[in-house]
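Just so it is clear, none of the values below were taken in a lab; they were calculated from the coordinates. Since the structure is predicted, the reported quantities are computational estimates derived from the model, not experimental observations. Backbone-built Cβ (ideal geometry, glycine too); neighbour counts: all protein chains shown.
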Amino acid sequence: MQLSNMTAVITGGASGLGEATARRLHSRGANVVLVDFNGESGVALAKELGPRAAFAHADVTITEHLQNAMDFAAAKFGELNVLVNCAGIGPAVRTLSKSGPHDIDQFKKVIAVNLVGTFDAIRLAAEKMAQNGPNELGERGVIINTASIAAYEGQIGQVAYAASKAGIVGLTITVARDLAHLGIRVCTIAPGTFDTPLLATLSEEVRASLGKQIPFPSRLGRPDEFAMLAQQIIENPVLNGETIRLDGALRMGPR
């Protein structure tokens, strides 16, 4: 699927991996709708990108918000062709610590944002994509999700995050098969350690140390490198049902 004149909805699109993806897809000719809880950043980015960009405020745990965002995207730009799910949270809490057992409401919140929010966006976007006319290859849309290598090697304190991301990996092939007859492809990217706002609070020394743990290249991943892969998934018609690790050959230890 070629990006020119396509419309992409990007959850978590106001910062980090989502922002980088929005910038890259927009630069290749796509219309982009930034769906984010952060209104100030979302409005500013949409304004910077110009008339082929728009912002839709949404909490991804609220179905009505996501439905409104999909409706808005389709109404503003004519149809919805691409969904990139980047919204997510990742608090560090152990199953059992000196404070007691993991707070169950916090666990449920991570699942609600990362896993349920991802699937809610998928199902609502797929409904819009199914209404599109197929291109010459029979494609009607592309859906890209964001997991993490924590889905495979979750570290100490990542139980909720790892569970949510493993859920995204697990649903990828099934949703791809569910939507295949409609010409809608589904893939997931599982990034390693990337230079995003999630790591911005760490010291430069700690960030450098994290980068050195990666075999090659021995540095933190750059958000635009995530966006490069998202673009390739959209443009390559045989990428479907796959979760792709983007981690420089990193296999995380327990800490």
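Could you work out [θ]222 nm for the chain from helices alone, using -39500 (n - 2.57) per DSSP H run of at least four and dividing by all its residues? Round to the nearest 500 deg cm²/dmol.
On the way: 9 runs with 105 residues, N = 255.
That comes out to -12500 deg cm²/dmol.
For K128, list the lysines whose Cα falls under 23 Å from its own Cα; do not include residues on the same chain fewer than 8 positions away.
K76
For region 164-224, with the dipole built from +1 on Lys and Arg beta-carbon atoms and -1 on Asp and Glu ones, taken about the Cα centre, which of Q213, F194, L182 lies farthest toward the positive end?
My answer, from the dipole projection, is L182.
Using the charge dipole of the chain (Lys, Arg: +1 at Cβ; Asp, Glu: -1 at Cβ; taken about the Cα centre), state which of V9, H57, A20 has its Cα farthest towards the positive end.
A20
Extension gain R177-D224, at 0.36 nm per residue separation less the Cα-Cα distance, in nm? Don't jump to the answer; show the numbers that get you there.
On the way: separation 47, 0.36 × 47 = 16.92 nm, distance 2.88 nm.
This chain segment gains 14.0 nm when fully extended.
Taking region 1-75 on its own, what percent of its Cα-Cα pair distances exceed 21 Å? Could you put the intermediate results ahead of the total?
Numbers: 452 of 2775 pairs.
Beyond 21 Å sits 16 percent of the P(r) for region 1-75.
How large is the direction-averaged shadow of the alpha-carbon convex hull of region 181-255, in nm²? List each step's numbers first, then the result.
Working: hull surface 24.7 nm².
The directionally averaged projection comes out at 6.2 nm².
Compute for region 216-255: radius of gyration divided by Kirkwood radius, i.e. Rg/Rh, restricted to C-alpha atoms, rounded to two decimals.
Values: Rg = 12.4 Å, Rh = 11.9 Å.
Result for region 216-255 is an Rg/Rh of 1.04.
In debye, nearest 20: dipole of the chain around its Cα centre with unit charges on the Cβ of K, R (+) and D, E (-)? Each step should come with its number before you reach the end.
On the way: 23 positive and 24 negative charges, 102 e Å.
In total the dipole reaches around 480 debye.
More than 22 Å apart: what percent of Cα pairs in the chain qualify? Could you put the intermediate results ahead of the total?
Numbers: 16953 of 32385 pairs.
Cα-Cα pairs of the chain separated by over 22 Å account for 52 percent.
Hey, got a sec? Which GluC sites (Glu not before Pro) in region 5-104 land in a DSSP loop and have at most 15 other Cβ atoms within 10 Å? Let's see the in-between values first.
Details: sites: E19, E40, E48, E64, E79; in loops: E79.
In loop regions of region 5-104 (DSSP not H, G, I, E or B), there are no sparsely surrounded GluC sites (Glu not before Pro).
When the chain is treated as a GNM, springs tying every alpha-carbon pair under 10 Å, which of V159, V238, V43 comes out with the largest mean-square fluctuation?
Fluctuation is largest for V238.
Tell me, S203, S218, S15 in order of fewest to most beta-carbon neighbours within 10 Å? Walk me through the numbers on the way to the answer.
Numbers: S203 8, S218 12, S15 21.
The fewest-first ordering by Cβ neighbours comes to S203, S218, S15.
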